[in-house]
Structure formats: C-alpha cells, structure tokens
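The values are calculated or read from the model by the stated rules, or taken from the named source; none is laboratory data. Worth saying up front: this structure is predicted, and the values here are computed from it rather than measured. Glycine also receives a Cβ, built like all others from the backbone with ideal geometry; neighbour counts cover every protein chain displayed.
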Ligand code: GDP
Ligand code: ZN
C-alpha cells in the first residue's frame, strides 16, 4: 500500500448553491453555465473556498485513471468489501461476499469530492462499508473502476454501471425501427469504457430477416458478435445466453426495444424479481432504479439500464474519435493532413475509402454525426 498522504481536495461547487436555485427550471440550468456561476456572489462568506484536507493512500501525481477519484484512506480492517447491486434514490444496496445485502448511505466526505459525476456511487462499484444493525451501513471508500458505461447527463458524467466486461447493445429491427447510428454511438461508448460490445437485434419475429443480412454482415465483419433475437419466439436466446455466460454484462438500448423481455426470456422468474424490487421501496412510491445487478443462474451477472431517455456520449474528444472506429485505422495514417478530421479535408484517405467501398457509408455518417456533436435530438424518444 502507498504511504498515506495529506492532500487538499476541492469540494463540489453545487453543494453551496443557494436554496432559491432549487425552483429554477431545467432549461435554465441546461442552457447557461454563466448564470450558474453568477450565483456565487450571493453565497455565504466562506463558501467561495470549498476545500478540505483528507488523508489518502492513493498516488496523486501523474497517471491516475481518469475515473480514479482521490479516495480517503480508511482502516479496511473495520470495513467489509461489497458490491453496489442497485441504487434507489439516495440509498445504495450493497451485497457483501457472503451474499448479505446492506442498505447504505455514502460518507459525506465522498459525496463532496469535486468530481464531474452525477452520482459518486454507481451500480457495480466495489466499495468498503462500515456496517451497523438492521443491515444498514455507510460507504467509506470506492475502489478504482474498470469497464464502465457512461453517458452525459446535464453536462456531467453519469456512470450507469462500473466494473463490467461487456455491453449488449439491444436494438429492435422494428417497433421502434432500427437506428444504426444509435448502435454506432453505443459502440463508441463501449470502446471508451473498455467494454467488449455485443449487438443484439431484437424483434426478429416482426420482420423479414433476409432484409437485415447486410447490417448483420457489417457488424460481424468488424469482429463484433451480432445476433438476431426474438424475446417472443425465443429465436437466438440460446446464442445470447452463450455470450452472457460467466461474464459481467450491461444491457443498454432505447426503451421499448425489448431489454426487459430478453432478460426475462434468458432467466424466467426475473420479472418477479423486478416487481419485488419496486414493491420493497420503503416509502411505497415509485423511484427510478438506475440499474440493477442480477445474478444469472447459468453463471455471470447482468445489469439492465432502464429509464435512459437519451444516450449522449460523455467526453468525446473529436480528434480522438477515429480511434473508436476500428475500420478507419488503416486509412487514418494515409490522410494528407496530420490530425485530419475526415470531414472536409482534401486528400482524406478515410473519405476515399468510403467512396471506394472499404468503409461503410452508414458508419462514416455516424462518425460525422458524433464528431459534429449533433448529439441527441434524433436519439431522444
Ligand atoms: P425495454 O423498454 O427495452 O425493456 O422493452 P420491453 O421489454 O419492455 O418491451 C417493449 C415492448 O416490446 C413490449 O410490449 C414487449 O412485449 C415487446 N417485445 C419485446 N421483445 C419483443 C420481440 O422479440 N418481439 C415482439 N414482437 N415484441 C417484443
Ligand atoms: Zn482524413
């Protein structure tokens, strides 16, 4: 373990927002960062410098992972290691190694750390908790993450799930109609989050499957396992189970494409479980469950991501975007202009490859859309 160090950390700015901001509309918040900052002058004295000294045993210099937030040093002998299996509002349900579930809050110092994230704890996180009576506890420390699915939400990072291996991108062949650019956007998210992608084209019972062979071929040629499924007729369900076995998988896709139905087809009885979760919500009213880890009885875990109305990519750096389109790579170095965006430049080998049929035009349009930040208008439901 590294030597403990005292460091000064920034606390989150929005903690000191004056109460009257609460009533402001979402539009106002969304469209003006300037207005947001102008509230500073009416903050109470002392609020302007929100720093705190914490003791950490993490390295703070150099190459920490981008999501490797500085964590306070804790005495782990007083704590238990667990996994966040779901988040209900302010309450996190943690499962420890022996399978016991604890309802936990988050230690204030963690909540206040200055990070770009919407939530400090997310489903899939590995955390250290101090437990108390009644299966309650407090999260003291979050372990560094690998394999994340993340999106942009209100100009902040929303990590939907952490510590998973693969992303199953669920799309429907009909109802709603197939949107290849959405698949491509999720593929970029998988690449950025270091997740292995799988594409699941559902509702195969509603279409003539021969009409979709070209899209199947396109993604398979890119080396991405791509399957046709139907939760209704159970087509492709065994194939899907083989892909999930012994893996930690997150399911994502537009709502209505059949994610829940597929999960129920994979593991009958899950429906019951989902219903139970909302029924046990203590206040008896509906709270959005962001994501829930579910153990598969044939080995592995799955997480659904319900309630995602749109999927905007977080932190895409346009000049690095071509790195997330693997079929562009052989051509990128041949572009005439170093740092070519492949949009308007002359002597662009990527554009040439599109014209000559080496790169699929649909994939190139997806690239252009993401590069130019067309964002979510066409993605929202
Ligand atoms: P989710 O929002 O992605 O979880 O989608 P749901 O599982 O709630 O499914 C949305 C609707 O599509 C429901 O009415 C399902 O019965 C229907 N559905 C799901 N999968 C299939 C399928 O493979 N074929 C057909 N015909 N309908 C499906
Ligand atoms: Zn180029």
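Quick notes on this structure:
- Residues in region 311-352 that are surrounded by 16 or more Cβ atoms within 10 Å (Cβ to Cβ) and either farther than 25 Å from residue 169 by Cβ or within 16 Å of ligand 1 (Cβ to nearest atom) (or both): 311, 335, 340, 341, 348, 349, 351.
- Test result for residue 222, in contact (Cβ under 8 Å) with a residue 40 or more places away in the chain, surrounded by 17 or more Cβ atoms within 10 Å (Cβ to Cβ), closer than 22 Å to residue 371 by Cα and away from ligand 1 (no atom under 16 Å from the Cβ): no
- Test result for residue 204, in contact with a helix residue (DSSP H, G or I) (Cβ under 6 Å, 6 or more places away or on another chain), surrounded by fewer than 24 Cβ atoms within 10 Å (Cβ to Cβ) and closer than 22 Å to residue 266 by Cα: no
- Tally, over region 168-192, of residues that are surrounded by fewer than 23 Cβ atoms within 10 Å (Cβ to Cβ) and assigned to a loop (DSSP other than H, G, I, E, B): 6
- Residue 328 passes every criterion in (1) farther than 25 Å from residue 250 by Cα; (2) assigned to a loop (DSSP other than H, G, I, E, B); (3) in contact (Cβ under 8 Å) with a residue 24 or more places away in the chain apart from (2).
- The residues of region 53-112 that are at positive phi and modelled with pLDDT of 70 or more, listed by number, are 89, 99.
- Test: residue 298 is surrounded by 11 or more Cβ atoms within 10 Å (Cβ to Cβ), at pLDDT 95 or above and away from ligand 1 (no atom under 16 Å from the Cβ): no
- Test: residue in region 133-143 that is crowded, with 17+ Cβ neighbours inside 10 Å, modelled with pLDDT of 80 or more and under 20 Å from the mean Cα position of the chain (by Cα): yes
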